[in-house]
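**Student:** This is the structure I want to talk about, given as structure tokens.
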Amino acid sequence: MSPPYRYCPDCAAPLALLGREEDGGFKQRLRCGACGFTHWNNPTPVLAAIVERDGHVLLARNAAWTARMYGLITGFMEAGETPEEGIRREIAEETSLEVSALSLVGVHDFQRMNQVIITYHAVAHGEVRLSPELVDYKLLPPGQVRCWPAGTGLALADWLRSRGHVPVFMESFASGA
């Protein structure tokens, strides 16, 4: 993965991998030798939901995905909202469903995308109406859901185990969070 910055956003000088003492240790980071800017490259928090409607798990296909893969409802937190508020908003925006119960499933790293995924189980009600971001969805009984071996697929596997199901993983995996 190429670095997100090649030039300093403050002074436009080239960034370089430079070392410096930080918090009691020597750390190399992209830094500007001219003005001292540091690109911290911290992971981005991503919210995910295992949406349960009438005892079935909702999996959706993103319009941007070339593979016919289905995944959880995901999105980014907005400034000024809690993770719980953010995932309720994402579910409403992407599916038009109303959440009646929400519980934390877990927090997983997704290093390939430099993200930390905060996953919730959401009990939801209403008629599914997809946003333009999504092109299709499936409602599956938990025992028929297949997991993927990364990101939100690991969270889904944890949730299935907590419900007494043995997760089944896909043999081939294209992409997705």
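**Student:** What number goes with the only condition from (1) in contact with a helix residue (DSSP H, G or I) (Cβ under 7 Å, 6 or more places away or on another chain); (2) farther than 19 Å from residue 62 by Cβ; (3) charged (D, E, K, R) that residue 127 does not pass?
**Tutor:** Condition (1) is where residue 127 drops out.
**Student:** Regarding residue 109, is this residue acidic (Asp, Glu), more than 19 Å from residue 146 (Cβ to Cβ) and over 14 Å from the mean Cα position of the chain (by Cα)?
**Tutor:** no
**Student:** Check residue 50 against each of (1) surrounded by 14 or more Cβ atoms within 10 Å (Cβ to Cβ); (2) free of Cβ contacts under 8 Å to residues at least 12 places away in the same chain and name the one condition it does not meet.
**Tutor:** Only one criterion is unmet by residue 50, namely (2).
Just so you know, all these numbers are worked out from the coordinates, no wet-lab data involved. The shown structure was predicted, so the numbers you read here are calculated from the model rather than taken from an experiment. Cβ coordinates were reconstructed from backbone atoms using ideal geometry, including for glycine residues, and neighbour counts include every protein chain displayed.
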